[in-house]
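The values are calculated or read from the model by the stated rules, or taken from the named source; none is laboratory data. What you see is a predicted model; the values in this text were computed from it and never measured. Positions of Cβ are generated from backbone atoms using ideal geometry, with glycine treated the same way; all protein chains shown enter the neighbour counts. These accessible areas exclude ligands, DNA and RNA; they are computed on the full protein's heavy atoms, side chains included. Shrake-Rupley method; radii C 1.70, N 1.55, O 1.52, S 1.80 Å.
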Amino acid sequence: MTVEIAAELFPSSATSGPHGITVGGVALAELASRYGTPLVVYDEAHLRQRCCDARSAFPDGVSYAAKAFLCKAIARLVHEEGLGLDVASGGELAVAVAAGLPGSAITMHGNNKSDREITLALRHRVGRIVIDSHEELTRVEADAAVLGLRVPVAIRVNPGVQAATHPSIRTGGVESKFGVSIVSGAAQSLARLAQVSRSVDLHGVHVHIGSQLTGMGPSDDAIASAAAFALMHGAEELIVGGGLGVPYRVGDHAPTFRDWSSAAGAAAERGGFTGRILAEPGRSIVAAAGIAVYSIGTVKEAGVGTRFVAVDGGISDNPRPALYGARYHAELVAPVDDSAPMDEMRYTVVGKNCESSDVFAEDVVFHRSPRAGDLLAIPVAGAYGYAMASNYNGLGRPAVVFVADGQERLVLRREDESDMSRLDVA
Ligand SMILES: Cc1ncc(COP(=O)(O)O)c(C=O)c1O
């Protein structure tokens, strides 16, 4: 008998068999014994396929939003697949540069860029700076004048449209800190300044109203509004941001890249825009390529009948459950033992952090009773997990490996106890 995995949540290379769950031709159990747990495993073929799918849906250009998961290996991979890279800070820019990406492939974002970040972006000749305020335009112009450059920019507009997603990942309503308001007229005055500037060239209008969007409605309205704005100000590019949602659990649905590009194209047309339409997906490129592998340490029953399975990571390596109540699917990595009885019980998968929000999955049914020492796989763990990880409770960030064609390569080493005091200087 083999383990029935929820195939739709795993990369297409995932199989289950006598060695348990295998991804990219490598058994997760083998990876766990070689690199330890917690471990994040990315299927390289899946990453590359998502890049191709995004590019064919948005032929005018796609930039990967590095905030979803960044290291040198992913920066190189997306670049090899013909995508640009969006960065949101000097730190992300430094990783992109260290990975060898040319400045022209990089777009610099951020709602509060420091002078240093602006200077770094200009020195590296980034392809676009996305301007987020009047004040920022002035600072970019000043720096450009010193360096004798004309800087290619886009303006991030806030169309005042609220995305249908968790409030913590909405970025487009009138109350949002992101972008410059079309509703108040601030965006129009900023665009006029950029149009007559001697130091910047206004190429694009950017709009991004939120993440994990599983329907298109509000984002269509936002794109139509940004499109009309781009037309009015002579911008030849409309950057429709990211936001495409992904299914996290069995039964979840999300639009495809094609659904997104068709809806974006129609919305842009509604706004009268006929220029280039570019996208900058993050989650939808990396989420389903990544599987988090943990070791179970404790299985216990709480007073109210809840059975807890506690793993050796938690919100310190993936804070999404604590930030906005995210929940995942979970599977035992090991194959079903024919001699073991099926387990009909429901389990709650928790981590080892000292917070009650440290919950990965609820109502989980396993193929057999989970035991201490078992490995547990959490699929769709590739976005905004490692990227937002911390050392809370003195826990080290996991190692990250890429797998392809039966081979693995370590791309980020694990942090251990010795890393916990490496910043201490006294
Ligand atoms: C400006 C911008 N672009 C792209 C993205 C990527 O979004 P997602 O990961 O939902 O595709 C984000 C995420 O917040 C963003 O702020």
Apply the a/c threshold of 1.5 to the C-alpha gyration tensor of region 380-423 and tell me whether it is rounded, prolate or oblate. oblate
Region 58-194 - charge dipole about Cα centre, Lys and Arg +1 at Cβ, Asp and Glu -1, debye rounded to 20: 80
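For a protection proxy built on the mean count of beta-carbon atoms within 10 angstrom, sort 179-186, 261-268, 276-283 highest first, please. If you can, show how the numbers build up before the last one.
On the way: 179-186: 17.4, 261-268: 19.6, 276-283: 24.8.
Ranked from most to least packed, the peptides come out as 276-283, 261-268, 179-186.
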Rounded to the nearest 20 Debye, what is the dipole magnitude of region 304-356 about its Cα centre when Lys and Arg each give +1 and Asp and Glu each give -1 at the C-beta? 340
Residue 89's amide H: which non-local residues (gap 5+, or another chain) put their own amide H closer than 5 Å, with H modeled 1.01 Å from N in plane and none for Pro or chain starts? 109
Summed side-chain charge close to residue 160 - residues other than residue 160 whose Cβ falls under 15 Å, Lys, Arg +1, Asp, Glu -1: 0
Evaluate the distance, in nm, between pseudo-label points positioned 7 Å from the Cα of residue 302 and of residue 410 along their respective Cα→Cβ axes. 3.6
Starting from the Cα of residue 113, draw a straight line to each of the aspartates and glutamates and keep only those under 18 Å, dropping any in the same chain fewer than 8 residues away. 86, 92, 132, 135, 136, 141, 143
Amide H proximity to residue 65 below 5 Å, modelled H, separation 5+ or other chain, gives 86, 282
May I ask you to list the trypsin sites (Lys or Arg not before Pro) in region 147-211 that are in a DSSP loop and have at most 14 other Cβ atoms within 10 Å of their Cβ? 150, 177, 198
Estimated FRET transfer efficiency (residue 232, residue 419; beta-carbon r; R0 60 Å; 0.05): 0.70
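Provide the FRET efficiency to the nearest 0.05 for the residue 201-residue 253 pair, computing r from the beta carbons and using R0 = 51 Å. Walk me through the numbers on the way to the answer.
Working: r = 41 Å, r/R0 = 0.80.
Calculated value: 0.80.
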Starting from the eigenvalues of the Cα gyration tensor, five times each then square-rooted, give me the equivalent ellipsoid semi-axes of region 284-426, largest first, whole Å. 26, 20, 15
Below 10 angstrom from the Cβ of residue 270, what's the summed charge of the other residues (Lys, Arg +1; Asp, Glu -1)? -3
So for region 225-329: antiparallel DSSP bridges make up what percent, rounded to the nearest 5? 60
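Using a 1.4 angstrom probe with every protein chain in place, what is the largest-first accessible-area order of 410, 213?
Result, largest first: 410, 213.
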Overall form of the chain per C-alpha gyration tensor (a/c, 1.5; a/b vs b/c): prolate
Sites residue 115 and residue 183 - FRET efficiency at Förster radius 25 Å, r taken between beta-carbons, to 0.05: 0.30
First select every other residue whose beta carbon is under 14 angstrom from the beta carbon of residue 227; then total the charges, Lys and Arg +1, Asp and Glu -1. -4
May I ask which residue of 341, 351, 321 lies farthest towards the positive end of the charge dipole of region 287-362, with charges of +1 (Lys, Arg) and -1 (Asp, Glu) on Cβ and the Cα centre as origin? 321
Please work out the C-alpha center-to-center distance from region 166-241 to region 275-336 and express it in whole Å. 33
Would you kindly derive the ³J(HN,Hα) couplings of region 154-165 from the backbone phi angles with the Karplus curve 6.51 cos²θ - 1.76 cosθ + 1.60 (θ = phi - 60°), listing them in order in whole Hz, with x for Gly and Pro? 10, 10, 8, 9, 10, x, x, 10, 8, 6, 8, 8
Taking placed amide H atoms and a strict 5 Å upper bound, the residues 5 or more places from residue 181 or on another chain that come that close are 158, 186, 187
How much of the DSSP bridge set in the chain is antiparallel, in percent, rounded to the nearest 5? 45
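Size of the dipole of the chain about the Cα centre, Lys and Arg at +1 and Asp and Glu at -1 on the beta carbon, nothing else charged, in debye to 20?
Computed charge dipole of the chain: roughly 940 debye.
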Starting from the Cα-Cα distance between residue 147 and residue 426, subtract it from 0.36 nm times their residue separation and give me the gain in nm to one decimal. 96.5 nm
